[in-house]
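As structure tokens, the structure follows; a few thoughts come after it.
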Amino acid sequence: MAEDKALTPRSEDFSAWYNGVVQRAELAGYSPVRGCMVIRPHGYAIWELMQGALDGMFKATGHQNAYFPLFLPRSFLQKEAEHVEGFAPEIALVTHGGGKELEEPLVVRPTSEAIIWPIMADWIQSYRDLPMLINQWANIVRWEMRTRPFLRTLEFLWQEGHTAHATWDDAQRETLLILGLYRRFMEEWMAMPPVTGIKTEWDKFAGADRTYACEAMMQDKWALQAGTSHNLGQNFARAFDVKYQTEDGAHDYVWSTSWGVSTRLVGGLVMTHSDDTGLVLPPKLAPIQVVIVPIWKSDDDKGRVLDAGARLAKNLDADLRVRFDDRDTLNPGAKYYEWEGKGVPVRIEIGPKDLEKRQVMAVLRFSEDPKARKFAIAEDEVTARIPALLDEMQAALLAAALRRREENSYRGVTDYNEFKKIISSSGGFIYTGYCGAEECELKVKDDTKATVRLIPDEDFASDEVPDKCICGGPAETEVVWARAY
Ligand SMILES: [Zn+2]
């Protein structure tokens with residue numbers, strides 16, 4: 001039975017641990033197609049909660065959802081030179097359809113700029129049509145060679161925003177609005193606080209003027225690029241001839257942005273909070289927030305605890321996502337094992353002794369103080385207390401993730417030997433001065449596998465930045481280095 005199989009501890013093999021957590025929580029499974037994954041119901045339920053929260057934030061800021069085709073003619077992709085070059089190695093091409101060779105092969109979208117802009121060109125006539133704020137929830141395909149569930153798969157789910165504006169300033173404002181929105185979602189919902197900033201010139205999205213990113217620290221101190229927001233300038237508007245009539249009657253190309261987060265966030269959630277027992281979920285993204293497990297030995301007890309459990313479930317159900325686990329095919333221990341592995345934040349146990357004492361036992365999936373995980377709650381206080389416990393756990397998870405990020409961030413590093421020592425021992429985010437040369441990064445990557453994650457924005461920049469790069473050259477800017485997924 002799976003029950004006997006312990007997870008590989010994080011400290012021993014983080015990657016094996018990750019796969020174990022995903023399996024035990026039944027988030028995803030492997031598919032007959034190499035590199036593709038099956039998202040199982042529990043994993044999909046987490047994604048749906050993420051979608052709901054993000055979709056609400058997009059709509060609250062004036063964006064609308066639409067849907068564009070899965071295929072794009074190959075010639076479309078070729079219109080923006082950097083874009084096609086950037087995506088060429090990852091393209092899946094359809095050459096046959098209906099038993100015949102196609103006149104023009106179709107690309108399965110790796111991202112949708114090249115199909116959306118030719119269409120939006122027809123939607124946009126004048127400045128009155130701007131800004132155009134569109135989002136799409138969709139699947140995309142990138143032919144990745146090395147894949148891992150949620151983190152990197154051939155096909156994945158995401159949202160991609162595509163917006164058009166009258167000025168560079170407007171497009172830049174939108175790019176930063178979305179970056180801030182992603183950061184807020186990651187902090188408030190995922191309890192996964194990212195560092196935000198701008199990517200280096202060679203690390204930008206193919207075809208963008210500027211790429212901004214959220215980089216979150218996982219428990220192994222590696223960075224996960226969790227979301228990106230691009231100011232595309234007029235590059236795509238020029239490539240696809242997207243013009244509008246300005247207020248004074250002239251014609252100009254629109255300024256555009258694109259931005260996205262994907263099911264990769266589910267992987268980030270796993271790697272931020274989970275422990276050696278299995279999945280840990282922040283309550284806001286837990287498909288089941290409270291599980292009630294009745295405990296009985298005699299038939300007489302059974303009737304009474306089932307009644308009490310059902311009553312409590314009904315009381316909590318109005319505001320929370322509750323599961324009353326009254327299955328009599330599993331003993332309580334097996335149920336605890338299952339729900340802990342699936343990351344349910346609060347477990348309520350009700351046995352005959354609890355009924356006598358007019359109380360229930362609460363067990364928290366996560367607490368900063370391990371000794372405070374299990375305690376009794378008086379029967380008449382349960383409905384008021386549980387929502388507060390969930391809020392506290394949400395806050396405690398964010399605090400723990402923040403503390404871990406800060407404890408493993410190193411600022412003002414100038415000595416390359418010290419840099420190498422940090423990367424090869426504890427790992428972490430290392431803030432240094434940077435000369436700006438790509439070759440410098442390549443050498444560091446060669447030596448240590450660490451890369452420049454981003455140039456930190458004002459919320460994360462150090463008060464004092466060394467005037468030297470770790471290569472010894474003069475520093476142009478500050479950057480954050482880390483090993484990354
Ligand atoms: Zn350098």
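Filtering region 132-174 down to residues that are more than 17 Å from the chain's Cα centre (by Cα) and among the small types (G, A, S), which residue is nearest to Y485 (Cα to Cα)?
A171
Tally time: how many residues in region 431-450 are within 13 Å of the ligand (Cβ to nearest atom) and in a strand (DSSP E or B)?
Counting residues in region 431-450 that are within 13 Å of the ligand (Cβ to nearest atom) and in a strand (DSSP E or B) gives 3.
Suppose we filter L70, L77, L157, L130 for residues that are buried (at least 17 other Cβ atoms within 10 Å of the Cβ) and within 22 Å of T263 (Cα to Cα); which single one remains?
L157 is the lone residue from the list that is buried (at least 17 other Cβ atoms within 10 Å of the Cβ) and within 22 Å of T263 (Cα to Cα).
Output the number of residues of region 89-105 satisfying the condition of being within 26 Å of the chain's Cα centre (by Cα) and surrounded by 13 or more Cβ atoms within 10 Å (Cβ to Cβ).
3
Please give the number of the condition P474 fails out of (1) surrounded by fewer than 16 Cβ atoms within 10 Å (Cβ to Cβ); (2) of a type outside the set (D, E); (3) more than 11 Å from the ligand (Cβ to nearest atom).
Among (1) surrounded by fewer than 16 Cβ atoms within 10 Å (Cβ to Cβ); (2) of a type outside the set (D, E); (3) more than 11 Å from the ligand (Cβ to nearest atom), P474 violates only (3).
Could you list, in sequence order, the residues of region 214-232 that are out of contact with any Lys or Arg (no Cβ under 6 Å at 6 or more places or on another chain), aliphatic (A, V, I, L, M) and over 30 Å from R128 (Cβ atoms)?
Result: A216, M218, L224, A226.
With the structure loaded, tell me whether V480 is within 13 Å of the ligand (Cβ to nearest atom), surrounded by 18 or more Cβ atoms within 10 Å (Cβ to Cβ) and either more than 29 Å from the chain's Cα centre (by Cα) or outside any loop (DSSP other than H, G, I, E, B) (or both) or whether it fails that test.
For V480, the condition - within 13 Å of the ligand (Cβ to nearest atom), surrounded by 18 or more Cβ atoms within 10 Å (Cβ to Cβ) and either more than 29 Å from the chain's Cα centre (by Cα) or outside any loop (DSSP other than H, G, I, E, B) (or both) - is not met.
Please verify whether region 24-31 includes one or more residues that are loosely packed, with under 15 Cβ neighbours inside 10 Å and within 22 Å of K243 (Cα to Cα).
Within region 24-31 (the criterion being loosely packed, with under 15 Cβ neighbours inside 10 Å and within 22 Å of K243 (Cα to Cα)), the answer is no, since none of the residues qualifies.
Being touching a helix residue (DSSP H, G or I) at 6+ places or on another chain (Cβ under 9 Å) and either within 15 Å of V465 (Cα to Cα) or among the polar types (S, T, N, Q) (or both) is the filter here; which residues of region 416-425 pass it?
Scanning region 416-425 gives a single hit, S424.
Of the residues R10, R34, only one is at pLDDT 95 or above and outside any strand (DSSP E or B); which?
None of the other options fit; the residue is R10.
Suppose we keep only residues that are in contact with a Pro (Cβ under 6 Å, 6 or more places away or on another chain) and more than 18 Å from I377 (Cβ to Cβ) within region 279-311. Which one would you say is surrounded by the most Cβ atoms within 10 Å (Cβ to Cβ)?
By that ranking, first place goes to A286.
Taking region 451-471 on its own, how many of its residues are under 17 Å from N417 (Cα atoms) and more than 12 Å from the ligand (Cβ to nearest atom)?
Of the residues in that region, 1 qualify.
Residue-by-condition table, conditions (1) among the aromatic types (F, W, Y); (2) outside any helix (DSSP H, G or I); (3) surrounded by 24 or more Cβ atoms within 10 Å (Cβ to Cβ); (4) in contact with an Asp or Glu (Cβ under 9 Å, 6 or more places away or on another chain):
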site	(1), (2), (3), (4)
N231	no, yes, yes, yes
Y244	yes, yes, no, yes
E247	no, yes, no, no
V270	no, no, yes, no
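Would you mind stating whether Y431 is touching a Leu at 6+ places or on another chain (Cβ under 6 Å), closer than 26 Å to A191 by Cβ and either hydroxyl-bearing (S, T, Y) or without any contact (Cβ under 8 Å) to a residue 60 or more places away in the chain (or both)?
When the stated conditions are applied, Y431 does not pass them.
Quick check: is even one residue across region 399-410 within 15 Å of the ligand (Cβ to nearest atom) and touching a strand residue (DSSP E or B) at 6+ places or on another chain (Cβ under 9 Å)?
no
What are the residues in region 287-311 that are in a helix (DSSP H, G or I), under 18 Å from P387 (Cα atoms) and touching a residue at least 24 places away in the same chain (Cβ under 8 Å), if any?
G309
Does N235 satisfy the condition of being under 18 Å from I134 (Cβ atoms) and buried (at least 24 other Cβ atoms within 10 Å of the Cβ)?
Against the criterion (under 18 Å from I134 (Cβ atoms) and buried (at least 24 other Cβ atoms within 10 Å of the Cβ)), N235 does not qualify.
The values are calculated or read from the model by the stated rules, or taken from the named source; none is laboratory data. Since we're looking at a predicted model, the values are computed, not measured. No Cβ is skipped: glycine too gets one built from the backbone with ideal geometry, and neighbour counts run over all protein chains shown.
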